[in-house]
Amino acid sequence: MRIVKIALTILGSAVFAALLSVTVYIMVCGCIGKTASIFGYSVLKVVSGSMEPSIHEGDYIYIKRTDTDSLKAGDIISFYSQDDSIKGEINTHRISEVLSDGTFVTKGDANKIEDSVTVQKVSIIGKYYGKLRFFKWLGSFASTKKLLILLVIIPTVCMAVYEVKTIAEIKIYSNREEALKAAEEEKEKLMREAVEKEVQRLKMQENEKKEANSFESGKDNEG
C-alpha cells in the first residue's frame with residue numbers, strides 16, 4: 001500500500017505540473033495576443049466587446065478547426081482579418097451570410113453594420129464552441145503579470161514541498177524495509193542457532209545413553 005501511495009503522489013504531482021503548464025501557456029498566449037493550441041483546440045482571449053452580449057471582452061474562448069463547407073449563417077468563427085485597420089489580427093464574429101463564391105460576411109453582435117471585408121476560407125482559424133470561464137476567473141484576481149508570477153512561484157514551491165515529502169517518504173519506507181529485513185534475518189539466525197543447539201543436545205543425550213549402555217554391558221561381563 002505504501003508503494004501505491006507513493007506512486008499516486010508522484011502521479012498527482014505530474015498531473016498537477018501538466019495542468020499548471022497548460023494554464024501558464026494559455027495565460028501567456030492571451031497576454032501577447034497569440035493563439036494557444038491544445039489537443040486540436042485553439043484558445044483565444046477576446047480583446048474587444050464587438051460580440052457583446054454573447055461574448056464579453058476578457059473572455060477566454062475555445063475554437064476548433066472545422067470543415068469550412070459546413071459553416072452557415074449564425075455560426076461564430078475566429079479568423080485572421082483582412083480589414084486594413086486590423087489586418088492580420090484575430091477577429092471573432094458571427095457569420096451573417098454565406099456568399100456564392102464561398103466567402104463569408106461577418107458581423108459582431110454588438111456592431112450595427114457588417115464587416116466591410118468578407119472572410120476567405122483560408123483565413124478561418126476555427127468555429128467557436130464555448131468559453132473557458134476558469135481563466136477569466138483567474139484573471140479577475142490580479143494584473144496579468146502578477147497572476148503569472150503567482151501561477152509560477154506558488155505552484156513551484158508547492159511542487160518542491162511535494163517532492164521533498166515524497167523523497168522523505170521513500171527514504172523512510174526504504175529504512176523501514178531494511179529494518180524489517182534485518183529483523184527477519186536476525187530471527188532466522190536465532191532459529192538456526194536454536195536448532196543447532198537442540199541437535200547438539202540430542203547428540204549429547206545419545207552419546208550419554210550409549211556410554212551408559214556400554215557401562216552396563218561391561219558390568220554384566222564382569223559378573
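Here is how the numbers come out for the structure above:
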| quantity | calculated |
| --- | --- |
| Search result, residues across the range 81-99 that are open to solvent by 40 Å² or more (accessible area, probe 1.4 Å), of a type in the set (Ser, Thr, Tyr) and touching a strand residue (DSSP E or B) at 6+ places or on another chain (Cβ under 6 Å) | Ser96 |
| Restricting the range 72-130 to residues that are in a loop (DSSP other than H, G, I, E, B), more than 19 Å from Leu44 (Cβ to Cβ) and of a type in the set (A, V, I, L, M), the residue that is nearest to the chain's Cα centre (by Cα) | Ala73 |
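Each row is one residue, and each column tells you yes or no for (1) more than 46 Å from the chain's Cα centre (by Cα); (2) at pLDDT below 70; (3) farther than 30 Å from Gly12 by Cα.
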residue	(1), (2), (3)
Glu169	no, yes, no
Glu186	no, no, yes
Leu190	yes, no, yes
Glu196	yes, no, yes
Gln205	yes, no, yes
Glu208	yes, no, yes
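The values are calculated or read from the model by the stated rules, or taken from the named source; none is laboratory data. Treat the numbers as computed from the prediction; the structure is a model and nothing was measured. Don't worry about glycine lacking a Cβ; one is built from the backbone with ideal geometry, like all the others, and counts go over all protein chains shown. Heavy atoms of the whole protein, side chains included, go into the accessibility calculation; ligands, DNA and RNA do not. Shrake-Rupley method; radii C 1.70, N 1.55, O 1.52, S 1.80 Å.
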